[in-house]
1. How would you rank A:49, B:140, going from fewest to most other Cβ atoms within 10 Å of each one's own Cβ?
2. Tell me the angle of helix B:62-72 to the major Cα principal axis of chain B, expressed in degrees between 0 and 90 and rounded to the nearest ten.
3. Compute the FRET efficiency between residue A:18 and residue A:83 as 1/(1 + (r/R0)^6), taking r as their Cβ-Cβ distance and R0 = 22 Å, and round to the nearest 0.05.
4. Please find, in a Gaussian network model of chain B (springs between Cα atoms separated by less than 10 Å), the residue of B:135, B:89, B:107 whose mean-square fluctuation is greatest.
5. Once you order the gyration tensor axes a ≥ b ≥ c over the Cα atoms, which shape class does chain A get: rounded for a/c under 1.5, otherwise prolate or oblate by comparing a/b with b/c?
6. What residues of the stretch A:1-28 lie in the reach of a label at residue A:68, counting those whose backbone N is under 18 Å from a point 7 Å from the Cα along Cα→Cβ?
7. Return, ordered by residue number, the residues of the stretch B:45-60 whose backbone nitrogen is under 17 Å from a label point located 7 Å along Cα→Cβ of residue B:144.
8. Against the 2.2 N^0.38 Å scaling, with N counting residues, where does the stretch A:17-62 land? I'd like the Cα-based Rg ratio to two decimal places.
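Any read-out appearing in this document is the output of simple, stated calculations on the displayed coordinates, not a laboratory observation. None of the values given here were measured: they were computed from a predicted structure. So basically every Cβ, Gly included, is an ideal-geometry build from the backbone, and we count neighbours across all protein chains shown.
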Ligand SMILES: [Mg+2]
């Protein structure tokens, strides 16, 4: 299974990638913002994206993906957790939501559940 | 600035430090910044626009910044303020402003977050526009030492209270 991880924070990408690795997933592409993520969606089975990123934010990225692809699961991993933000994200095609901050263990547990 | 606008930032800081950096902290007494304010080695800064404008700054001495980011990365060894520390402190600021945003949205005050910027330099201090009040909240990271949260916000919509 191939994953795409988009976050402008390299620390956050490392935490997410480490969690995926710990779950046995190693086929992972990383992107620093939505624009780079959009160029790397080919063959991806699972998308994990931040919201607040430069150039193209996560919501714009999700909308662009959903214009062509209604199926690939998209997990939003973000601090943007006000009720209206969550509703906006889900309306635009986000399938799961993980709120920052988290411990590595909770992130792993949540990802494991979602990926199944 | 009303306590109800500062408290979300204080609880967000405690929560982010404990959850993502395994660092328990205690808050000290807040004060209004006059002149230079506290000196730190690295600060994460988030600009805010919406019902407030201004910025949120979280500043750390070098040793604490390194420990915090090392903890975020599961205990990774870090020797100095490198790119990973800069990035990690920016993300801490992002999470603090984001977690406070959730609490403030619940009482009807919404804002947008900028992308974090990080300022590095031995004993620097940050200045804010003179017409924006800045509240400093000192924290003690238990067993590590002191760091500071600075909240400089100006209300755009007047509040009836
Ligand atoms: Mg981000």
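1. On the way: A:49 26, B:140 15.
Listing A:49, B:140 from fewest to most nearby Cβ atoms yields B:140, A:49.
2. 90
3. On the way: r = 30 Å, r/R0 = 1.37.
The computed FRET efficiency comes out at 0.15.
4. Ranking B:135, B:89, B:107 by mean-square fluctuation puts B:107 first.
5. Numbers: a/c = 1.36, a/b = 1.15, b/c = 1.18.
In terms of gyration-tensor shape, rounded.
6. The answer is A:2-6, whose backbone nitrogens lie closer than 18 Å to the label point.
7. The answer is B:45, B:57-60, whose backbone nitrogens lie closer than 17 Å to the label point.
8. Numbers: Rg = 11.1 Å, N = 46, 2.2 N^0.38 = 9.4 Å.
Compactness ratio reported: 1.18.
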